[in-house]
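First the structure, in the form of structure tokens, and then the observations on it.
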Amino acid sequence: MEKVERELDAVAGALRRAEGADFPEASFEHIESQIADVNAFIEEQAERLEDKILHAGGLEPGRVRRSGGN
């Protein structure tokens, strides 16, 4: 997802320079919002799976400190 974000930023920058006022700002804002939603979904699923793994290992998910890769 990080690569997608970098590529989108690169494309947006090039198009902004090339198109000026004709740049489709709303379209890029929309896709950026969708990318943020995908990132949030991935994080939620990672936490859910981690909690299941911890529970299966006999640990309480809320008692384990997350390393915070944000």
Problem - FRET efficiency estimate (nearest 0.05) - Cβ-Cβ, LEU49 to GLU29, R0 30 angstrom - result: 0.45
Practice task
Binning at 10 Å from 0, report for segment 25-64 what percent of all alpha-carbon pair distances ends up in each bin.
Solution key: 29, 30, 20, 15, 6
Handout entry: Spin-label proximity, ALA18 to segment 31-45 - amide N less than 20 Å from point 7 Å beyond Cα toward beta carbon
Key = 31-32
Practice task
Have a look at LEU59, ALA36, LEU49 and report the one farthest towards the positive end of the charge dipole of segment 25-64, computed about the Cα centre with Cβ charges (Lys/Arg +1, Asp/Glu -1).
Solution key: LEU59
Problem - Per-residue Cβ neighbour rank within 10 angstrom, fewest leading, LEU49, LEU8 - result: LEU49, LEU8
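Bear in mind that the values in this text are calculations on the coordinates, not laboratory data. Keep in mind that what you see is a predicted model, and the values were worked out from it rather than measured. Neighbour counts run over all protein chains shown; Cβ positions are idealised from the backbone, glycine included.
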